[in-house]
Amino acid sequence: MTKNNFRNFLIAAGLIVCVPVNAAMVTINLDRSNVGTFLPDGLIYATVTLADGADAMAGHDVTFTVDVVTDTDPTTPTLTPGSNFGIQKFTFNDINNLVTSFVGLSSIGWGTESNRNGDGFGLFDYRLKATGSSRVDPLVFGVLAAGATISDFISLSTGGRSSPFAAHIAGFTDVDSGTGVVNSAWFGVVPIPAAVWLFVSGLGLLGFLGRRHRQAATA
């Protein structure tokens, strides 16, 4: 498979990837909801982008950007913003327990919890959440985690519909055409595309070798 064909395969599988020297970036589509009756599987409701190395924001070892896809394109019906629209919670895993602190959460009124559920998408190492009504779109934050690469944060939750990430989005217009009200939901990706595992496996090996090299240099 040529380099260009491999890149096209990744994009077709729902993975957008850029891998320059000493840096990596990946975007994963959240295309499943926990209210499938009203928000069917297969539409892109939000994206999660991770960047490390030179692609991460200044002061971050890894940068996370969670972005809601709204219905600005009438041919792609997703979420229509209503009152106080935005991301209210976000969950992810830290495979090797590398995170020592978070950057950019306190300034937007967000806090962190450990070992919490993303409703319908299983148990995660971290759940970040807004305090009060401080929903945001996009959600951008960083982690301090020496030696980490993005592969350290792409791991399936346990239980539920296992997903590497889940986001709770609230304040969109009611999608229940009946008597109920559905204006918030959790979103994840199930199953995770095989191309993601292929890409993450390669990054994981590079990250492991990099850590071994740094440990040997400081020994």
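Here are the numbers:
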{"quantity": "Residue in segment 86-103 that is out of contact with any strand residue (DSSP E or B) (no Cβ under 7 Å at 6 or more places or on another chain), without any contact (Cβ under 8 Å) to a residue 24 or more places away in the chain and of a type in the set (A, V, I, L, M, F, W, C) present", "calculated": "no"}
{"quantity": "Some residue of segment 144-153 being at pLDDT below 95, polar (S, T, N, Q) and surrounded by fewer than 21 Cβ atoms within 10 Å (Cβ to Cβ)", "calculated": "no"}
{"quantity": "All strands (runs of 3 or more DSSP E) inside segment 123-183 with 1 or more residues being over 18 Å from Thr47 (Cβ atoms) and of a type in the set (Asp, Glu)", "calculated": "123-130"}
{"quantity": "Verdict on Asp55 being in contact (Cβ under 8 Å) with a residue 24 or more places away in the chain and either of a type in the set (Val, Ile, Thr) or out of contact with any Cys (no Cβ under 9 Å at 6 or more places or on another chain) (or both)", "calculated": "no"}
{"quantity": "Subset of segment 106-142 (residues that are closer than 21 Å to Val68 by Cβ, of a type in the set (A, V, I, L, M) and crowded, with 16+ Cβ neighbours inside 10 Å)", "calculated": "Leu128, Ala130, Val136, Leu139, Val140"}
{"quantity": "Unique residue being closer than 24 Å to Val26 by Cβ, at pLDDT below 95 and among the polar types (S, T, N, Q) when the list is Thr78, Thr91", "calculated": "Thr78"}
{"quantity": "Failed condition for Asn84, given (1) assigned to a strand (DSSP E or B); (2) modelled with pLDDT of 95 or more", "calculated": "(2)"}
{"quantity": "Single unsatisfied condition, Thr100 versus (1) loosely packed, with under 14 Cβ neighbours inside 10 Å; (2) modelled with pLDDT under 90; (3) closer than 28 Å to Gly147 by Cβ", "calculated": "(2)"}
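The values are calculated or read from the model by the stated rules, or taken from the named source; none is laboratory data. The structure presented is a predicted model; accordingly, all values stated were derived computationally and were not measured. No Cβ is skipped: glycine too gets one built from the backbone with ideal geometry, and neighbour counts run over all protein chains shown.
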